[in-house]
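> Pasting a structure below so you can have a look.
The values are calculated or read from the model by the stated rules, or taken from the named source; none is laboratory data. Small disclaimer: the values here were computed from a predicted structure and weren't measured. Virtual Cβ from ideal backbone geometry, glycine too; neighbours counted across all protein chains shown. Ligands, DNA and RNA are excluded from the accessible area calculation, which covers all protein heavy atoms including side chains. Shrake-Rupley method; radii C 1.70, N 1.55, O 1.52, S 1.80 Å.
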Amino acid sequence: MSNLPNGAVQLSSQHQKLTRLKFLRRVMFMIIGSALVSVALEVFLVPNNIIDGGIVGISIILSHLSHFPLGIFLVLLNLPFLLIGYKQIGKTFALSTLFSVILMSVGTTLLHPVQAFTIDPLLAAVFGGIILGIGVGLVIRSGGSLDGTEIVAILFSKKSPFSVGEIVMFFNFFILGSAGFVFGWDHAMYSLIAYYIAFKMIDITIEGLDQSKSVWIISDEFSKIGDSITSRLGRGVTYLKGEGAFTGDDKKVIFSVITRLEEAKLKSIVDELDPKAFLAIGNIHDVKGGRFKKKDIH
């Protein structure tokens, strides 16, 4: 029995309900993402001897050489990395990754008898890469992963001068190069195409088509530019205090967050009001809170 006020009890109950909905949403996207990856592998890439990077690529090569089901290698090769990196990545991420990998393994096993959609390796590389990237991106957005290579890279990066991205790139370069000896160099090059397309689709899926961008503007016409961004783009702005390093003059810095689709319009606004203004635009992976929601423009 709790002695908290009734309002506190109701608030706690609402929080649990939201958490449950978020959990179900994540599980749903993990299932969809894993299913898409299974389709990309068994219906497009594997029948055309095209591989992906990481553990998936190694699994495809081993499955081809041993004639054992692909799903077996997907689980067996990922499992040790999950156990090794358990303390590094956390319980939730480890369980989410294990769940997604098992789904992917089951999916590839069920889809293995399905006939390939195309026998053209270029079409298989393009469409397989697109579907694979979307599937992997959905799983990552849901808090999981489908490959233990990143875990190994995190562990190695702590004891080496190389970054996680550089280590992953080295692993994938070695794996994709191995495809040339197993499937032929033509298929190795198709694998590079599929890997590149999947890599780009992962970014698009994670960040979304309306990728957020941070905007920094330094101008003597800060008031007009700020008002125009608010009225013409419907975005809020924040004025920051700055100081010129050479002149020591006080400067007003305009900060705002826009989407990629609004970038061209913002540049035209700045050029129109102050062609000499300093403008810097950078990518943002996530935006939360504040007043980022777009205002209605009448």
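> From the residues in the range 200-224 that are surrounded by fewer than 16 Cβ atoms within 10 Å (Cβ to Cβ) and of a type outside the set (D, E, K, R), which one is nearest to PHE255 (Cα to Cα)?
Out of the qualifying residues, it is TRP216.
> Restricting attention to the range 46-67, which residues are closer than 16 Å to THR109 by Cβ, in contact with a helix residue (DSSP H, G or I) (Cβ under 6 Å, 6 or more places away or on another chain), surrounded by fewer than 24 Cβ atoms within 10 Å (Cβ to Cβ) and of a type in the set (S, T, N, Q)?
Listed by number, the list holds a single entry, SER63.
> Return the pair list, or none, for Cβ contacts closer than 7 Å from residues in the range 131-142 that are in contact (Cβ under 8 Å) with a residue 12 or more places away in the chain to residues that are open to solvent by less than 30 Å² (accessible area, probe 1.4 Å) and among the β-branched types (Val, Ile, Thr), at least 6 apart or on different chains.
Correct list of pairs: LEU132/VAL37; GLY133/THR205; ILE134/THR205; GLY135/VAL37; VAL136/VAL37; GLY137/THR205; LEU138/THR205; ARG141/THR205.
For (1) in contact with a helix residue (DSSP H, G or I) (Cβ under 8 Å, 6 or more places away or on another chain); (2) of a type outside the set (Asp, Glu); (3) more than 17 Å from ILE281 (Cβ to Cβ), each residue gets a yes or a no:
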position: ILE206; (1), (2), (3): yes, yes, yes
position: TRP216; (1), (2), (3): no, yes, no
position: THR230; (1), (2), (3): no, yes, yes
position: LEU233; (1), (2), (3): yes, yes, no
position: GLY236; (1), (2), (3): yes, yes, no
position: LYS251; (1), (2), (3): no, yes, yes
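> Please enumerate the residues belonging to the range 88-122 that are within 24 Å of the chain's Cα centre (by Cα) and free of Cβ contacts under 8 Å to residues at least 24 places away in the same chain.
Once the filter is applied, which keeps residues that are within 24 Å of the chain's Cα centre (by Cα) and free of Cβ contacts under 8 Å to residues at least 24 places away in the same chain, the range 88-122 yields GLY90, LYS91, ALA94, LEU95, LEU98.
> What residue, among those in the range 228-265 that are part of a loop (DSSP other than H, G, I, E, B) and open to solvent by 70 Å² or more (accessible area, probe 1.4 Å), is modelled with the highest pLDDT? Before you say what the answer is, go through the steps one by one.
Taking the range 228-265 first, the residues part of a loop (DSSP other than H, G, I, E, B) are 234-236, 244-249.
Going one step further and asking which of them are open to solvent by 70 Å² or more (accessible area, probe 1.4 Å), we end up with 245-247, 249.
Details: ALA245: 72, PHE246: 73, THR247: 71, ASP249: 78.
Taking the candidates together, the pick is ASP249.
> In the range 110-157, how many residues are of a type in the set (Asp, Glu) and either open to solvent by less than 30 Å² (accessible area, probe 1.4 Å) or over 14 Å from ASP52 (Cβ atoms) (or both)?
Here is the first cut: in the range 110-157, the residues of a type in the set (Asp, Glu) are 120, 147, 150.
In the following step, the residues that additionally are either open to solvent by less than 30 Å² (accessible area, probe 1.4 Å) or over 14 Å from ASP52 (Cβ atoms) (or both) were identified as 120, 147.
The number of residues fulfilling the criteria is 2.
> Is it true that some residue in the range 71-86 is within 18 Å of GLY135 (Cα to Cα), among the polar types (S, T, N, Q) and either part of a loop (DSSP other than H, G, I, E, B) or at pLDDT 90 or above (or both)?
Taking the range 71-86 as the starting set, the residues that turn out to be within 18 Å of GLY135 (Cα to Cα) are 71, 74-75, 78.
Keeping just the survivors that are among the polar types (S, T, N, Q) gives 78.
Those still in the list that are either part of a loop (DSSP other than H, G, I, E, B) or at pLDDT 90 or above (or both) too: none.
No, that holds for no residue.
> Which one is modelled with the lowest pLDDT among residues in the range 90-107 that are crowded, with 19+ Cβ neighbours inside 10 Å and among the β-branched types (Val, Ile, Thr)?
Initially, the range 90-107 is screened for residues crowded, with 19+ Cβ neighbours inside 10 Å, giving 94, 96-97, 100-101, 103-105, 107.
With the extra rule that they be among the β-branched types (Val, Ile, Thr), the set shrinks to 97, 101.
Details: THR97: 85, VAL101: 90.
If we take residues in the range 90-107 being crowded, with 19+ Cβ neighbours inside 10 Å and among the β-branched types (Val, Ile, Thr), then THR97 is modelled with the lowest pLDDT.
> Shifting gears a bit: Taking PHE127 as meeting all but one of (1) of a type in the set (A, V, I, L, M, F, W, C); (2) modelled with pLDDT of 85 or more; (3) touching a Gly at 6+ places or on another chain (Cβ under 6 Å), write down the number of the exception.
Going through the list (1) of a type in the set (A, V, I, L, M, F, W, C); (2) modelled with pLDDT of 85 or more; (3) touching a Gly at 6+ places or on another chain (Cβ under 6 Å), PHE127 breaks only (3).
> I need every pair where a residue in the range 158-175 that is surrounded by 12 or more Cβ atoms within 10 Å (Cβ to Cβ) and at pLDDT 70 or above has its Cβ under 7 Å from the Cβ of a residue that is of a type outside the set (S, T, N, Q) and outside any helix (DSSP H, G or I), sequence separation at least 6 or different chains.
ASN172/GLY53; ILE175/GLY53
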